Amino acid sequence: MREKEQFTVGFAITGSFCTYEKIKVVLTNMKKRGWRIIPIFSERAQSLDTRFGKAEDFVSEVQKITGENGIFTIPEAEPLGPKGCLDALIIAPCTGNTLAKLCTGITDTPVLMAAKAHLRNERPLIISISTNDAMGMNFKNIGALYNIKHIYFVPFGQDNYTKKPNSLIAHVELIPQTVEAALHGRQLQPVLRA
């Protein structure tokens, strides 16, 4: 493992738009650690305007925080594997859709191509889930991915068990600690947190 200030991490962002403000804080804190952060955007993250903000503004802010140009297409993401340039790859937020596709080996987005390309190098892939169906249709996918070598989860919990009983969200503030643990080959514990 390299020294902290030399880490190069990919930060793949999918469409759980309600988490974006927290993601910007996490990126800022990671940058303060001296990490090089390569942003990777799903098609939804780079193109959909929502009640949480405009996609163009979000992409611009992330690129400004990281000081890096983003990866926006499958062809741009594929070389991450052969180049072996990432110490770790984070998917944050990781939607249920992305989680299900990752579990079944589908690589039809820049984020999923980045994950596939990165895993060929047997380096950590960190998942920061944010999905309303985590304890429903996606529960089996979490269990399957949790048992795959080189895949680690940011600790998570139920965000609103009365109104959304199947919803889980990662404690995104723990992304840096999860990455550091994963770079040592271990899962940050406890995984289930309130």
Trypsin sites (Lys or Arg not before Pro) restricted to region 1-81 and DSSP loop, no more than 12 other C-beta within 10 Å: R2, R51, K54
Stretch gain in nm, segment K149-E56, where the contour uses 0.36 nm per residue and the Cα spacing is subtracted: 29.9 nm
Inter-label distance, nm, simple model (7 Å from Cα along the C-beta direction), D49/H184: 4.6
Of K22/K64; K22/K101; K31/K101; K32/K64, those spanning more than 19 Å from alpha-carbon to alpha-carbon: K22/K101; K31/K101
At most 13 other Cβ within 10 Å, DSSP loop - trypsin sites (Lys or Arg not before Pro), region 78-132: R120
Check: region 20-170 dipole with +1 on Lys, Arg Cβ and -1 on Asp, Glu Cβ, in debye: 400
Estimated distance in nm for a label pair at A194 and N166, the labels positioned 7 Å out from Cα along Cα-to-Cβ: 2.6
Label-point gap, in nm, between N29 and D108 - each point 7 angstrom along Cα→Cβ: 3.5
Contour excess over end-to-end distance, with Cα ends at D159 and F139 and 0.36 nm allotted per residue: 5.6 nm
Cα-Cα separations in the chain greater than 22 Å, expressed as whole percent: 41
Of I40, I148, I127, the one that fluctuates the most in a GNM where the chain has Cα springs shorter than 10 Å: I148
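Read-outs: derived from the displayed coordinates by stated rules, not from any lab. These numbers were taken from a predicted model, which means no experiment stands behind them. Neighbour counts are summed over all protein chains in view; Cβ atoms, including those assigned to glycine, are modelled from backbone coordinates with ideal geometry.
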